[in-house]
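Student: Here's a structure for you.
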Amino acid sequence: METTVFSFGGGGLCGYLAARALRVIVRIAAVIIGAFILGIAFLAYRGWIDVHWQTIENQTQAMAYNASAAVLAAIIREMRFFSFTLSRPGSHKRGNFDSIEGYFDVKDIVERALETEDSYNLLLVGPPASSKTLFLLGILDIRKDGAYFDGSNTTSRILDVLEEKRPKIICIDELDKMSRQFQNQLLNFMESGRVDVEQQRKQYHFEIKGVKVFATANEISRLSKPLQSRFRKLFLPRYTEQQFIEVSVKVLKNLSESMVRYIGFTVFKNGGDIRDVMSVGKLIKKSDGPEDVDRIIRTLMKYGTQGEDGK
């Protein structure tokens, strides 16, 4: 009897000690994992790395066959929220560049340029699919009094808008596609703040002080050296495929995520940019499938490219 009691007592003690040891190990592991995730979140916050939190969360949840994995997925979900909402110096008032993947340091520069009382002209240079246009749209979202112009479609209407609205924020997309005549007019305007243009039907003579010009360009060589000198230039690299798809998901919120991801993948593969994603997204019906996306993109590329070459 004593042997049996001792056996049960010894077994219970061993089980108790094993349970305590396991709890300590789990706690240590939780601290290590938490510190690791916090470190990743800090690096993402500083703009040194891009972390696809949604992908990590989904894959973690897919293997959440026990409570520990489920808790880890919840931690990752909270850290994803933390990393994107953490207040940054000079950006706590903003949040209008949320559709742009990464580029935290560039976002900070753009926000500071908007906030300074001095005149500041910024030119974003880069290939298609580098979020240049999204920066302009974010600026216009912040400054409702800004004016947007498409450099590839310049007409005298630009002068009409400037004279009528007198905007303090001017955004020009694809400045390198603007005609040399308008480039020269823009140069004169940026140097003096005045517009003096004599046309057959109308004359323009007005002044806008303290204007800030934000522009984009694919090929900076198409801009004259004097015009380039009026801008602070930032060169943006092309997004990776994964980054481009994530941006597509953020800008196309009215379609299913699987459809948007396919659109982003297909547009990226064909050398398009985010504007192409938005353009294709507007044409997609709820009943459409991948073959419809392929057909729409082929048609837009077939006829759109020839039209641009003929301008």
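Every read-out reported here was derived from the displayed coordinates using simple, explicitly stated rules and does not represent laboratory data. Everything numeric here is computed off the predicted structure, so don't read it as measured data. Here the Cβ positions follow ideal geometry from the backbone for every residue, glycine too, while neighbour counts run over all protein chains shown.
Student: Under a plain spin-label model, where a point goes 7 Å from the Cα along Cα-to-Cβ, how far apart in nm are Glu191 and Asp105?
Tutor: Here the answer is 3.4 nm between the modelled labels.
Student: Restricted to Cα positions, what overall size does region 176-311 have along the principal axes? Three whole-Å values, descending.
Tutor: Largest to smallest, the principal-axis extents are 53, 34, 27 Å.
Student: On to the next question. Please give the FRET efficiency for Ser221 paired with Asn184, using the beta carbon to beta carbon distance and R0 = 22 Å, rounded to the nearest 0.05.
Tutor: Using R0 = 22 Å, I get an efficiency of 0.85.
Student: Something else: For Lys285 and Glu164 in one chain, what is 0.36 nm times their gap in residues minus the Cα-Cα distance, to one decimal in nm?
Tutor: 39.7 nm
Student: Given Cβ point charges of +1 (Lys, Arg) and -1 (Asp, Glu) and nothing else, what value in debye, to the nearest 20, does the dipole of region 124-275 about its Cα centre take?
Tutor: 220
Student: Still on this structure: Given the pairs Lys165/Lys209; Lys107/Lys212; Lys253/Lys285; Lys132/Lys250; Lys144/Lys165; Lys107/Lys177, which span a C-alpha to C-alpha distance of over 18 angstrom in this model?
Tutor: Lys107/Lys177
Student: Okay, next question. In nm, to one decimal, how far is the modelled label at Gln203 from the one at Glu257, with both set 7 Å along Cα→Cβ?
Tutor: Spacing of the two 7 Å Cα→Cβ label points: 6.1 nm.
Student: Also, quick follow-up: Order these peptides, 264-277, 158-171, by their mean beta-carbon neighbour count within 10 angstrom, highest first.
Tutor: Descending packing order for the listed peptides: 264-277, 158-171.
Student: What shape does region 114-168 take by its C-alpha gyration tensor, where a ≥ b ≥ c are the square roots of the eigenvalues and a/c under 1.5 counts as rounded, a/b above b/c as prolate, and the rest as oblate?
Tutor: oblate
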